[in-house]
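Data first, discussion second: the structure below is written as structure tokens.
The values are calculated or read from the model by the stated rules, or taken from the named source; none is laboratory data. In this text, all values refer to a predicted model and were calculated from it rather than measured experimentally. Because the Cβ atoms are built from the backbone with ideal geometry, glycine has one as well, and the counts that use them run over all protein chains shown.
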Amino acid sequence: MGRHLIAELYGCDASILGDLEALRTTLLEAAQASGAKVLGEFFKKFSGGGGVTGILAIAESHFSIHTWPEYGYAAVDLFTCGSQVDPWKAYEVVRKKMRPTRMYVKELKRGIIEGEVLWQKEAK
């Protein structure tokens with residue numbers, strides 16, 4: 001049903017990681033590049049030189065970013081549902097804007113349905 005990219009970005013410029021407007025613009029550009037439809041947004045800059053938390057609600061799920069300028073680190077989630085939106089195109093925008101020196105990205109397939117089983121309780 002969906003694709004979820006979880007990106008760990010290290011070695012990013014602290015000035016970018018603390019710039020709410022630059023991060024907001026980055027996620028909006030990522031949404032546009034991926035083909036997503038933005039429904040709403042929330043961004044918060046933390047005081048004392050802290051980082052930024054930002055979330056875009058998209059019709060196809062959500063994009064989010066959480067930053068720690070003091071560590072040069074950003075955690076990014078790009079979750080899309082359906083086949084019309086490409087989270088990797090969104091990731092490329094984020095990567096180019098954030099310019100990490102090191103990164104780790106994992107793609108999770110979400111909502112895999114096999115046969116007739118739509119929901120199954122996890123065994124304990």
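Of all residues in region 67-87, which are part of a strand (DSSP E or B), without any contact (Cβ under 8 Å) to a residue 60 or more places away in the chain and buried (at least 18 other Cβ atoms within 10 Å of the Cβ)? First the steps, then the outcome.
Filtering region 67-87 for residues part of a strand (DSSP E or B) gives 67-68, 73-81.
If we keep only those that are without any contact (Cβ under 8 Å) to a residue 60 or more places away in the chain too, we end up with 67-68.
The one that is part of a strand (DSSP E or B), without any contact (Cβ under 8 Å) to a residue 60 or more places away in the chain and buried (at least 18 other Cβ atoms within 10 Å of the Cβ): THR67.
Can we say VAL52 is out of contact with any Leu (no Cβ under 9 Å at 6 or more places or on another chain) and either closer than 15 Å to LEU20 by Cβ or without any contact (Cβ under 8 Å) to a residue 60 or more places away in the chain (or both)?
Working: out of contact with any Leu (no Cβ under 9 Å at 6 or more places or on another chain): no; either closer than 15 Å to LEU20 by Cβ or without any contact (Cβ under 8 Å) to a residue 60 or more places away in the chain (or both): yes.
Taking the combined requirement at face value, the residue does not satisfy it.
One line per residue, one yes/no per condition, for (1) at pLDDT below 95; (2) surrounded by fewer than 17 Cβ atoms within 10 Å (Cβ to Cβ):
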{"position": "THR53", "(1), (2)": "no, no"}
{"position": "GLU60", "(1), (2)": "yes, no"}
{"position": "ILE65", "(1), (2)": "no, no"}
{"position": "VAL94", "(1), (2)": "no, no"}
{"position": "LYS106", "(1), (2)": "yes, yes"}
{"position": "GLU114", "(1), (2)": "yes, yes"}
